[in-house]
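The values are calculated or read from the model by the stated rules, or taken from the named source; none is laboratory data. All figures in this text were calculated on a predicted structure; none of them were measured in a lab. FYI the Cβ positions are ideal-geometry reconstructions off the backbone, even for glycines, and counts take in every protein chain you see.
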Amino acid sequence: MDRIKKRALSRIFSNFPLGIASSGKSALAFFICLLALTFLYRIQLTVGLLTNAIRPFDFIPTSHPIGFTLVCLPYDLALALGCFLIFWLLSRAQFLVKQSQILSIFKISGVIFLNISLMILFLIHGAHMRLLFDAQTGLDHSIIMEVFLNVSLIELLRFIDLRDFIFLLIPIGLFWGILLSPLALRVWVVRVSVVIIIILFVGSLFFANERKNNIPAEIRLNPAIFLLSDVVENGLFKHNPGHGNLKFVSGGKSGIQPIGSDVRNQMKPVKFLPPKNNHPWNIVFFIMESVGTRYMFDTSSGNPMPMPFLHRISKESWHLKRHYTSSNISTKAIFSLLSGLYDFFNQETFGIRSDASVPSIHNFLAESYDRFLVTPSPIKWYFPTEFVKNSGLTEMHYFENLNFRIKEELHSLGRYIGRDEVQTVDFFIQRMDKAREPFLGIYFSFTAHLPYFDYGPEYHIVKDDGRAISRYYNTLNLLDHMIKRIYDHLQKQGLLERTILVIVGDHGQAFGQHHPDNYMHHRYSYNENLETPAIIYQPALFRPKTFEIPTSHVDILPTLLDAMRIPCDPLLFDGESLFNHQLGRKYIFFYGHEGSISSLDTEQIKVQYSLKKNRCWAFDLKMDPGEKNPLDCSSYKLQLEALHQFVNDHDSSLIQYNVCLFEKRDFQGHRHPKLN
């Protein structure tokens with residue numbers, strides 16, 4: 001009896017490869033391609049984590065490379081086996097079709113569908129890998145929505161290298177090679193695959209403890225599984241971001257701002273303006289990409305101060321010590337800097353819309369102003385290009401049209417690219433020399449953005465020990481030298497006394513604070529992601545002063561217009577002039593790209609609400625500046641109501657305001673005095 005059972009089992013195991021190879025050869029071809037794709041992805045990811053200068057989340061595998069690869073492979077095997085089972089079962093449905101013509105259509109459609117699925121999975125793995133090393137994030141629902149809402153198909157195709165298209169042909173070729181191969185070869189492939197899967201699975205069990213070593217999900221999970229789980233959580237079954245039982249008491253609107261007592265103090269602003277000057281002012285914006293407040297003067301590790309020159313002139317300027325971006329992504333933040341308005345409080349970006357017509361700083365300046373922008377980086381993906389073009393800034397010099405040395409880091413996963421920062425600053429200085437006065441010059445740096453290019457020992461203040469933050473500190477020192485060069489040149493040319501110098505970051509930067517995956521700026525809305533420096537230098541207008549109150553990007557433009565005595569309607573800004581003796585607002589607001597909205601009051605109570613998870617929390621930044629102890633929002637119900645009230649109203653108000661300007665109409669009875 002035992003012998004009969006053994007023979008039966010032996011027949012089953014020997015016939016299994018034959019059955020699979022003969023009954024579902026297209027599903028088998030798909031499975032082998034997917035198995036090869038996931039295995040190569042896992043090897044490439046491991047090699048990148050061990051050898052690349054910039055690693056996602058500064059994560060380095062602690063076990064042997066083979067062990068680390070094996071411990072994550074079950075997720076890849078689960079994807080491959082799951083897809084094979086689904087497609088093999090679907091292939092069985094052909095036996096329900098009796099008409100030969102329909103059967104042929106069914107088979108052809110199935111093969112086409114498998115090829116498309118294979119290409120999609122290939123692109124998901126490639127995009128996830130690229131995002132991990134280029135942007136410190138994985139391919140998730142929010143990334144897809146951002147691309148869908150903000151990036152044109154042409155720009156997306158430019159992101160794909162020629163070699164990506166070539167590599168795409170490899171799995172397709174492998175698929176057809178297996179599909180058209182003889183039955184005997186397919187049987188052999190099945191047997192080898194089964195043996196490999198068993199060996200890999202058993203091998204992964206020996207390194208099971210490695211799973212406990214806090215491996216980020218973006219690295220641990222297969223990209224397709226990671227994306228699917230995120231879509232299920234935040235897309236298909238997303239919590240309703242409605243406001244439950246919150247009761248809103250709207251105080252109405254006047255201009256762009258709500259005027260209810262729940263969001264504004266009921267008082268008439270009193271201003272103390274600087275002496276009036278008879279000459280127009282030159283304006284130089286130095287916008288620092290990804291510079292966080294907490295790093296620029298930091299010497300806590302015994303290192304020299306990263307930005308000593310900026311520290312010096314901060315004492316001779318208006319230093320906005322508690323300054324915040326309006327959003328943790330550049331496009332929305334820069335829009336606020338130049339417009340005095342918040343961008344949308346959702347993933348769509350107003351500043352890249354072709355019809356964005358709200359006023360920018362350029363519109364308030366006289367027609368005689370010479371205007372130009374210079375940046376070493378490509379700006380299509382993170383700059384409100386359409387907005388600044390529509391507002392009159394047409395002269396823009398950036399990566400694509402500058403002919404300078406390229407700084408880049410090439411690796412098997414992609415490349416980081418930008419023009420040489422030093423040469424680009426040279427060009428900006430030369431452009432100022434050619435400018436007719438008055439002029440508006442905007443410089444947008446890139447060097448403090450990932451991967452934090454190394455410009456040599458001259459700018460090293462810390463040793464490059466492989467950590468991202470060490471490279472970052474050195475780029476801050478480079479930026480400090482560049483700011484000093486511009487300042488010194490303005491002084492040497494006799495322009496400094498007629499120039500307002502605005503030095504500001506677009507948003508903060510994170511290096512693993514609070515969460516292992518909190519790198520760069522767009523994953524969370526903690527203070528390290530939101531705090532950024534703001535310094536306004538011109539002693540004739542801005543006598544040295546340090547502001548301890550929370551300020552925002554939306555305050556910069558109305559403050560500059562007051563300083564230059566350029567008339568404007570203050571109710572058509574979200575921000576306020578800092579020349580007001582007391583600010584009328586109760587809160588400043590932020591949009592977090594991770595799907596959160598936040599407000600901060602004058603007493604440094606920060607209330608945050610997750611649109612994804614329908615959950616609220618708060619921090620008392622006076623008592624808990626490190627944001628270690630989240631508080632229940634029940635104690636801050638009025639602030640939470642004000643946050644929802646403002647966000648509910650803002651986006652539609654911004655669109656209506658934009659339409660009124662396009663149609664040359666007043667907005668709720670308000671308009672700025674005649675704009676150029």
Would you point out which residue out of Ser327, Ser368, Ser354 is surrounded by fewer than 24 Cβ atoms within 10 Å (Cβ to Cβ), touching a residue at least 60 places away in the same chain (Cβ under 8 Å) and not hydrophobic (A, V, I, L, M, F, W, C)?
-> Ser368
Could you please find all residues in region 537-558 being surrounded by 22 or more Cβ atoms within 10 Å (Cβ to Cβ) and either closer than 24 Å to Tyr591 by Cβ or outside the structural domain of Gly494 (by TED's automatic domain parsing) (or both)?
-> Pro550, Thr551, Ser552, His553, Val554, Asp555, Ile556, Leu557, Pro558
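Would you check which residues across region 606-638 are of a type in the set (A, V, I, L, M, F, W, C), surrounded by 19 or more Cβ atoms within 10 Å (Cβ to Cβ) and not in a loop (DSSP other than H, G, I, E, B) and list them?
In the first step, residues of region 606-638 are kept if they are of a type in the set (A, V, I, L, M, F, W, C); the result is 607, 611, 616-619, 621, 623, 631, 633, 638.
This time we only want the ones that are surrounded by 19 or more Cβ atoms within 10 Å (Cβ to Cβ), so: 607, 611, 616, 618-619.
Listed by number, the residues that qualify are Val607, Cys616, Ala618, Phe619.
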Lone unmet requirement of (1) in contact (Cβ under 8 Å) with a residue 60 or more places away in the chain; (2) in a helix (DSSP H, G or I) for His449 = (2)
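Give, as residue ranges, the helices (runs of 4 or more DSSP H) completely inside region 1-106 that count at least 3 residues that are among the β-branched types (Val, Ile, Thr), at pLDDT 80 or above and surrounded by 14 or more Cβ atoms within 10 Å (Cβ to Cβ).
25-51
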Just to be sure, is Arg322 over 30 Å from Val388 (Cα atoms) and charged (D, E, K, R)?
-> no
Unique match (being in a helix (DSSP H, G or I), in the same structural domain as Ser357 (by TED's automatic domain parsing), touching a Lys or Arg at 6+ places or on another chain (Cβ under 8 Å) and crowded, with 18+ Cβ neighbours inside 10 Å) among Phe428, Phe387 = Phe387
Can we say Ile605 is of a type in the set (Val, Ile, Thr) and within 26 Å of His670 (Cβ to Cβ)?
-> no
Could we say that Ile597 is outside the structural domain of Leu337 (by TED's automatic domain parsing), among the hydrophobic types (A, V, I, L, M, F, W, C) and outside any loop (DSSP other than H, G, I, E, B) here?
-> yes
Pick from region 616-636 the residues that are of a type in the set (D, E, K, R) and either without any contact (Cβ under 8 Å) to a residue 40 or more places away in the chain or assigned by TED's automatic domain parsing to the domain that holds Asp555 (or both): which of them is farthest from Thr293 (Cα to Cα)?
-> Asp632
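Only one of Pro376, Pro359 is out of contact with any Phe, Trp or Tyr (no Cβ under 9 Å at 6 or more places or on another chain) and either crowded, with 21+ Cβ neighbours inside 10 Å or within 20 Å of Ile536 (Cβ to Cβ) (or both). Can you tell me which? Outline the logic, then answer.
Working: Pro376 fails: out of contact with any Phe, Trp or Tyr (no Cβ under 9 Å at 6 or more places or on another chain).
Selected residue: Pro359, the only one of Pro376, Pro359 that is out of contact with any Phe, Trp or Tyr (no Cβ under 9 Å at 6 or more places or on another chain) and either crowded, with 21+ Cβ neighbours inside 10 Å or within 20 Å of Ile536 (Cβ to Cβ) (or both).
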